[in-house]
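J.: Handing you a structure now.
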There are 2 protein chains.
Amino acid sequence: MRVLGIDPGLTRCGVGVVDGSVGRPLSMVDVGVVRTSSTLPIAERLVSIERGLDAWIEEHRPDAVAVERVFARSDSSTIMGTAQASGIALVVAARRGLPIAMHTPSEVKAAVSGNGRADKAQVGAMVVRILRLAEPPRPADAADALALAITHVWRGSATSRIDAAVARARAQHPNPVRTR
Amino acid sequence: MRVLGIDPGLTRCGVGVVDGSVGRPLSMVDVGVVRTSSTLPIAERLVSIERGLDAWIEEHRPDAVAVERVFARSDSSTIMGTAQASGIALVVAARRGLPIAMHTPSEVKAAVSGNGRADKAQVGAMVVRILRLAEPPRPADAADALALAITHVWRGSATSRIDAAVARARAQHPNPVRTR
């Protein structure tokens, strides 16, 4: 299966595409960052993120999308922008009927390194080993997106067929609720 | 000018459309709520919000959109969903090149009631008076959306022409930044 990992952010959305299945070597298909300029209004930045992520899905046709789960308890001053960017990522994937999973940073760290409190450098090093890369992807958001995709392949295979069927059914029968 | 006010939320997005200009009586065009079921996955709910808000814009063709500004310091457990919904509202409006303004809850309360700490009932009562309604719109999210639209008409007229010109220029020359 092919998984697109997205590490949401208003300034940098990490994106990483991984091919593989449980018990086989994984391979990196592509990795990068969707950037937006902090000089633009937030709404314009979110539209750029939408277009950028759509282009990644269009190009790589993933079977599933894994998005980092954002928490309100984060102390970061950028948390609201991160939450907004994650909302855009979810919509871009859901509109196409793709199965979506959200993994917490701890789950991702535990999956790739065996330690839920691993630091950025450890996660980067494990991504390099797992995908047999020449060097860690830069910036860290790009490495995190690959780690998310790896986590999804390893965790998600059991349920992904069911999720995919449900997502397809939903995409065919959308049910927006609107009342006055 | 016609303004669509949006009070973002994952379960209920308040929406209210107001016609008017500074120094003249304002009138309500429509008010309601875009609801999503808490039994659906978040991504599906965000897609429903996107479709619902798009339908409101399509039907009422506002000249501007006013969205409540969400803060991380809110204690609410629903803050992340609210932030994600606000991101969708911003994208839906920005994609169409509509001028967007964000107003804080205090700004809205001060604009409609003269008191930045007014409670829900006071805001609802002032919305009724300003728009000459028979009764306060229910639920409160709907009244808040109208209050946002009123605030925008009263605050926004001076700069809205410039904003509109800038938004149109941006819509014609989108500049998504994508690097690898």
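The values are calculated or read from the model by the stated rules, or taken from the named source; none is laboratory data. In this text, all values refer to a predicted model and were calculated from it rather than measured experimentally. Quick reminder, even Gly has a Cβ in these numbers, built from the backbone with ideal geometry, and neighbours come from all protein chains shown. When the accessible area is computed, the model is the full protein with side chains, heavy atoms only, and any ligands, DNA or RNA have been set aside. Shrake-Rupley method; radii C 1.70, N 1.55, O 1.52, S 1.80 Å.
J.: If the only charges are +1 at each Lys and Arg Cβ and -1 at each Asp and Glu Cβ, what is the size of the charge dipole of the stretch A:2-172 around the Cα centre, to the nearest 20 debye?
T.: Once rounded to the nearest 20, the dipole reads 320 debye.
J.: If you don't mind, another one. Order the peptides B:50-56, A:24-30 from the highest to the lowest mean number of other Cβ atoms within 10 Å of their residues.
T.: Ranked from most to least packed, the peptides come out as B:50-56, A:24-30.
J.: Additional query: If you take each beta carbon of peptide A:49-55 and count the beta carbons of other chains within 10 angstrom, what is the mean?
T.: 4
J.: Between chains A and B, what is the buried accessible area summed over both chains (1.4 Å probe, protein heavy atoms, nearest 100 Å²)?
T.: On the way: alone 10040 and 10040 Å², together 16310 Å².
That pair hides around 3800 Å² of surface in total.
J.: Turning to a different aspect of this structure: Starting from the Cα of B:Lys120, draw a straight line to each of the lysines and keep only those under 28 Å, dropping any in the same chain fewer than 8 residues away.
T.: Candidates past the 8-residue exclusion: B:Lys109.
J.: Considering every residue in B:90-100, what mean count of other chain Cβ atoms within 10 Å of its Cβ is obtained? Mind dumping the intermediate values first?
T.: Values: counts 10, 15, 4, 2, 10, 6, 0, 1, 1, 2, 4.
Taking the mean over all residues of the peptide, I get 5.
J.: How large is log10 I(q)/I(0) at q = 0.08, 0.09, 0.16, 0.20 Å⁻¹ when the Debye formula is applied to the Cα atoms of the stretch B:2-172, each weighted equally and without solvent?
T.: Debye intensities relative to I(0), on a log10 scale: -0.21, -0.27, -0.89, -1.37.
J.: So, in Å, what gap is there between the alpha-carbon centers of the stretch B:110-145 and the stretch A:5-60?
T.: Centre-to-centre (Cα) distance: 41 Å.
J.: Rounded if a/c is under 1.5, else prolate if a/b beats b/c, else oblate: with a ≥ b ≥ c from the C-alpha gyration tensor eigenvalues square-rooted, which is the stretch A:1-95? Display every interim value, and only then the final one.
T.: Values: a/c = 2.23, a/b = 1.64, b/c = 1.36.
Prolate is the answer for the stretch A:1-95, as a/c is 1.5 or above and a/b outweighs b/c.
J.: Separate question: If you filter the stretch B:90-139 for trypsin sites (Lys or Arg not before Pro), then keep DSSP loop positions with at most 13 other Cβ within 10 Å, what is left?
T.: Answer in residue order: B:Arg117, B:Arg132.
J.: Give me the 1.4 Å probe accessible area per residue for the stretch A:18-134, excluding ligands and nucleic acids, in Å².
T.: 44 Å²
J.: Round to a whole number: what % of the accessible area of the stretch A:2-172 belongs to carbon and sulfur, probe 1.4 Å? All intermediate terms of the calculation are to be shown ahead of the outcome.
T.: Details: 3640 of 7390 Å².
Answer for the stretch A:2-172 is 49 percent, counting heavy atoms of protein chains only.
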